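Undergrad: Have a look at the structure that comes next, please.
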Amino acid sequence: MILQIVLLVVGLVLLVKGADWLVDGASVLAKKNNISDLAIGLTIVAFGTSAPELVVNAVAASGNYPEIVFGNVIGSNNFNLFAILGIAGLITPLAVQSSTVWKEIPFSLLAAIVLFFLANNYFMTESGNLSRYDGFILLVLFAAFLYYVATQLKADPVVEGAVNKDYSTLKIWFLILIGLGGLVGGGKLVVDNAVSIAQTLGVSEKIIGLTIIAAGTSLPELATSVVAAIKKNADIAIGNIVGSNIFNLLLVLGVSSLVRPLDFNPSFNTDIYLLSAGTVFLFLSMFIGKKHQLDKWQAALLLMVFASYTTYLVMLEL
């Protein structure tokens, strides 16, 4: 099992570095074509930090591991919301833009509610699953979110900056291609070895997905938000998390269910309840204490909830 753990760690490193290389190359390419920093942040960086979840889920779906698919996305979103925002908010109070409070946070809650109804087949008679038709609905909602982002870009003033890194065209495409290669190779290593570890330890694929894989694929979000908090850039710290959660629920699960229809284990409903409750708490936090700000005590509460729930999940397997 030691070899499997080593290969799992190698896979996670490849996922993180692959996303980093992909974002680096794509960002320079975008800047060379006079695309604004805001557009890059809301599209390329958001996609890049969600790329590990997307690749892992595509591999897991093709291998018919639905519990890893759902565990990774729902677990990653809970890790983002409770652990990463908790850590970032303890570093510095996070001021939140009005558009994020009234539009993006509610949209992320809507995405979780839609997933709950689709996965549980509330409008069907058969047992819970996420069909290709459901995946299409999720992707339509994702397209609506991208349309909202596009309208925001038109509404906001664009300040063009100089290209920070002057890469040659060859180096840009090398970074993009090696980044994609790292994502695909890392995703394959993570899924295969996580399943093997789960079988060896006798724990469920669900728990592996909700904990190890979810935390591992959220490392790009963790690094981005912590660095942003240290630099007191609250927009990136909190916008990265909310945007990534929307990407995960709509794009990642949408693509995963198109790869293969996914059986849904109703025990994941508890995790969706937690995600929804955490999103509601984040919204209400904007009006408790200093307006439109996540205070340190609220961040500490998020972190404590995450630690308690993770302990509860582990205890269930013992």
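The values are calculated or read from the model by the stated rules, or taken from the named source; none is laboratory data. Note that the structure is a prediction, hence the values are computed from the model and not measured. Glycine also receives a Cβ, built like all others from the backbone with ideal geometry; neighbour counts cover every protein chain displayed. Accessible surface areas use protein heavy atoms only, side chains included; no ligands, DNA or RNA. Shrake-Rupley method; radii C 1.70, N 1.55, O 1.52, S 1.80 Å.
Undergrad: List every residue pair whose Cβ atoms sit under 6 Å apart, with the two residues 6 or more apart in sequence or on different chains, where the first one lies in the range 19-40 and is in a loop (DSSP other than H, G, I, E, B) and the second, anywhere, is modelled with pLDDT under 75 and open to solvent by 20 Å² or more (accessible area, probe 1.4 Å).
TA: Matching pairs, first to second residue: SER36/VAL158.
Undergrad: Still on this model: Just checking, which of LEU282, LEU316 is open to solvent by 30 Å² or more (accessible area, probe 1.4 Å), part of a helix (DSSP H, G or I) and touching a residue at least 40 places away in the same chain (Cβ under 8 Å)?
TA: LEU316
Undergrad: Which residue pairs have Cβ atoms closer than 6 Å, lie 6 or more positions apart in sequence or on different chains, and pair a first residue in the range 242-262 that is within 18 Å of THR224 (Cβ to Cβ) with a second residue that is open to solvent by 30 Å² or more (accessible area, probe 1.4 Å) and hydrophobic (A, V, I, L, M, F, W, C)?
TA: Qualifying pairs under 6 Å: VAL252/LEU54.
Undergrad: Of everything in the range 263-273 that's surrounded by fewer than 19 Cβ atoms within 10 Å (Cβ to Cβ) and in contact (Cβ under 8 Å) with a residue 60 or more places away in the chain, which residue is nearest to the chain's Cα centre (by Cα)?
TA: Looking at residues that are surrounded by fewer than 19 Cβ atoms within 10 Å (Cβ to Cβ) and in contact (Cβ under 8 Å) with a residue 60 or more places away in the chain, I get ASN269.
Undergrad: Turning to a different aspect of this structure: So for the range 297-307 (the condition being open to solvent by less than 10 Å² (accessible area, probe 1.4 Å), of a type outside the set (Gly, Ala, Ser), part of a helix (DSSP H, G or I) and over 18 Å from ILE84 (Cβ atoms)), does at least one residue qualify?
TA: no
Undergrad: Can you name the residue in the range 191-243 that is among the acidic types (Asp, Glu) and within 26 Å of PHE107 (Cβ to Cβ) and, of all such residues, is surrounded by the fewest Cβ atoms within 10 Å (Cβ to Cβ)?
TA: ASP235
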